[in-house]
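Trainee: Below is the structure I would like to discuss, written out as structure tokens.
The values are calculated or read from the model by the stated rules, or taken from the named source; none is laboratory data. Quick caveat: nothing in here was measured; it's all calculated off a predicted structure. Here Cβ is always computed from backbone atoms with ideal geometry, including for glycine, and neighbour counts include all displayed protein chains. Only protein heavy atoms, including side chains, enter the accessible area calculation; ligands, DNA and RNA are left aside. Shrake-Rupley method; radii C 1.70, N 1.55, O 1.52, S 1.80 Å.
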Amino acid sequence: MKLTEIPQATRFDIAAWLLMAAALLLVLKLHLLPSLLAGLLVYELVHILAPRMRLWRLGSTWSKVAAVTLLSVIVVSLLTLGVFGAIALLRSELGSPGGLMKELAAIIDQSRNVLPAWALAKLPANADQLREAASEWLRTNARAFQAFGTGFGRALAHILIGFIIGALISLREATPHREIGPLTQSLAERIGRLGEAFRRIVFAQVRISALNTTLTAIYLAVILPLFDVQLPLLKTMIAVTFIAGLLPVIGNLISNTVICIISLSHSLYVTLASLAFLIVIHKLEYFVNARIIGTQIRSRAWELLIAMLVMEAAFGVAGVIAAPIFYAYLKDELKSRGMI
């Protein structure tokens, strides 16, 4: 595209960009990221399911509103049950959200006699020091963790409110469109691009994480028991693999670390076998990931890593989670103007 062919931004476009940038910044500053992601998830799910169920072809406006309302209620109910189910699953083995850290600390402390000297030099002297290091990291990122509930109930309430807001916005598609001003139209376009970026990033990562979780579950629940190896916290490892896998690039590092540490509870050989297996499946996944990310996200791994690094430095954990979505949105805006 030639320079003269680049679409000229109107003053309404510029105002919409500034408002959108301010809104995304406030989402991170005010710790509203869980609500934003929950609302986008409900909206995108309804937006995808409604056309496939031919709800837009219903005759009257009221029938469309009723059908979309029912679909939204079902989506919100299933997502809410999924959230509480995940909480119940983790609590069934760990007893509390901090139980996993205690278990990992205890396993490392008990496995010192089987670890080589070079590995011991990299580890804290005992479980207390490991817990202190973890606590220091948590204190450093305390403000970011507030986004997901320094009080867990507050974060859960934000997520549920986000579900409801997303469901209410979904009804807009079923109601007659009224005339809107140029600024509102430009803002709606910006929000639509953000939703599209969310859909591409999250849904692509769900597919990748589901594949990774399936292969990992086969290894942990089928292959290892064939060799009479029963690892503790089986359900927790599978859940962590899926949840952490929703984060591009760094998610696998988190889940792999948990699995390798828990493998230490059996023996060093099982740990090495787990590490080898995880390396192999991730190499195989690269082919699938390249196709999914190439067609859906259209961003290379190093681009996402840089975005996540910068956002983590600015906003902590919340920045890491928001970075892929915000980066994909920014890239879409630039492409739409013919700048990249």
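Trainee: So which residues in the stretch 259-270 are closer than 22 Å to Ile243 by Cβ, open to solvent by 20 Å² or more (accessible area, probe 1.4 Å) and assigned to a helix (DSSP H, G or I), if there are any at all?
Mentor: Cys260, Ile261
Trainee: If only one of Ala121, Ala127 is closer than 30 Å to Tyr269 by Cα, in contact with a helix residue (DSSP H, G or I) (Cβ under 8 Å, 6 or more places away or on another chain) and at pLDDT below 75, which one is it?
Mentor: Values: Ala121 fails: in contact with a helix residue (DSSP H, G or I) (Cβ under 8 Å, 6 or more places away or on another chain).
Selected residue: Ala127, the only one of Ala121, Ala127 that is closer than 30 Å to Tyr269 by Cα, in contact with a helix residue (DSSP H, G or I) (Cβ under 8 Å, 6 or more places away or on another chain) and at pLDDT below 75.
Trainee: Could you please tell me which pairs satisfy a Cβ distance under 9 Å, a separation of 6+ or placement on different chains, a first residue in the stretch 15-40 that is farther than 17 Å from Glu189 by Cα and in contact (Cβ under 8 Å) with a residue 60 or more places away in the chain, and a second residue that is of a type in the set (Gly, Ala, Ser) and assigned to a loop (DSSP other than H, G, I, E, B)?
Mentor: Close Cβ pairs (under 9 Å, with a partner that is of a type in the set (Gly, Ala, Ser) and assigned to a loop (DSSP other than H, G, I, E, B)) amount to His31/Gly149; Pro34/Gly149.
Trainee: Taking only the stretch 54-68 into account, find how many residues are crowded, with 16+ Cβ neighbours inside 10 Å and either at pLDDT 80 or above or closer than 14 Å to Phe163 by Cα (or both).
Mentor: Residues in the stretch 54-68 being crowded, with 16+ Cβ neighbours inside 10 Å and either at pLDDT 80 or above or closer than 14 Å to Phe163 by Cα (or both): 2 in total.
Trainee: Restricting attention to the stretch 18-31, and to residues there that are assigned to a helix (DSSP H, G or I) and in contact with a helix residue (DSSP H, G or I) (Cβ under 7 Å, 6 or more places away or on another chain), which single residue is surrounded by the fewest Cβ atoms within 10 Å (Cβ to Cβ)?
Mentor: First, pick out the residues of the stretch 18-31 that are assigned to a helix (DSSP H, G or I): 18-29.
Now narrow it down to the ones that are in contact with a helix residue (DSSP H, G or I) (Cβ under 7 Å, 6 or more places away or on another chain): 19-20, 24, 27-28.
Numbers: Leu19: 14, Met20: 19, Leu24: 19, Val27: 20, Leu28: 21.
The extreme case among them is Leu19.
Trainee: All but one of (1) at pLDDT 85 or above; (2) exposed (fewer than 15 other Cβ atoms within 10 Å of the Cβ) hold for Glu5, so report the exception by its number.
Mentor: (1)
Trainee: If you don't mind, there's one more thing I want to ask. Mind counting the residues in the stretch 239-258 that are over 17 Å from Ile218 (Cα atoms), in contact (Cβ under 8 Å) with a residue 40 or more places away in the chain, part of a helix (DSSP H, G or I) and open to solvent by less than 30 Å² (accessible area, probe 1.4 Å)?
Mentor: Total meeting the criteria: 1.
Trainee: Go through the residues of the stretch 273-280 one by one and say whether even a single one is exposed (fewer than 15 other Cβ atoms within 10 Å of the Cβ) and touching a residue at least 12 places away in the same chain (Cβ under 8 Å).
Mentor: Kept after step one, since they are exposed (fewer than 15 other Cβ atoms within 10 Å of the Cβ), are these residues of the stretch 273-280: 275-276, 279-280.
Next, only the ones that are touching a residue at least 12 places away in the same chain (Cβ under 8 Å) stay: 275.
Yes, the conditions are met somewhere in the stretch 273-280.
Trainee: For the stretch 278-331, what are the residues that are farther than 17 Å from Asn252 by Cα and at pLDDT below 70?
Mentor: If the condition is that a residue be farther than 17 Å from Asn252 by Cα and at pLDDT below 70, then Arg291, Gly294, Thr295, Gln296, Ile297, Arg298, Ser299 are the ones that fit.
Trainee: Now for a different question. Identify all residues within the stretch 316-328 that are of a type outside the set (A, V, I, L, M) and surrounded by 23 or more Cβ atoms within 10 Å (Cβ to Cβ); write none if there are none.
Mentor: Here is the first cut: in the stretch 316-328, the ones of a type outside the set (A, V, I, L, M) are 316, 319, 324, 326-327.
Once the filter is applied, which keeps residues that are of a type outside the set (A, V, I, L, M) and surrounded by 23 or more Cβ atoms within 10 Å (Cβ to Cβ), the stretch 316-328 yields only Pro324.
Trainee: Out of the residues in the stretch 177-225 meeting the condition of being among the hydroxyl-bearing types (Ser, Thr, Tyr) and surrounded by 19 or more Cβ atoms within 10 Å (Cβ to Cβ), tell me which one is farthest from the chain's Cα centre (by Cα).
Mentor: Residues of the stretch 177-225 among the hydroxyl-bearing types (Ser, Thr, Tyr): 184, 186, 209, 213-214, 216, 219.
Now restrict to residues that are surrounded by 19 or more Cβ atoms within 10 Å (Cβ to Cβ): 186, 209, 213, 216.
Working: Ser186: 28, Ser209: 10, Thr213: 14, Thr216: 19 Å.
For the stretch 177-225, the residue satisfying everything is Ser186.
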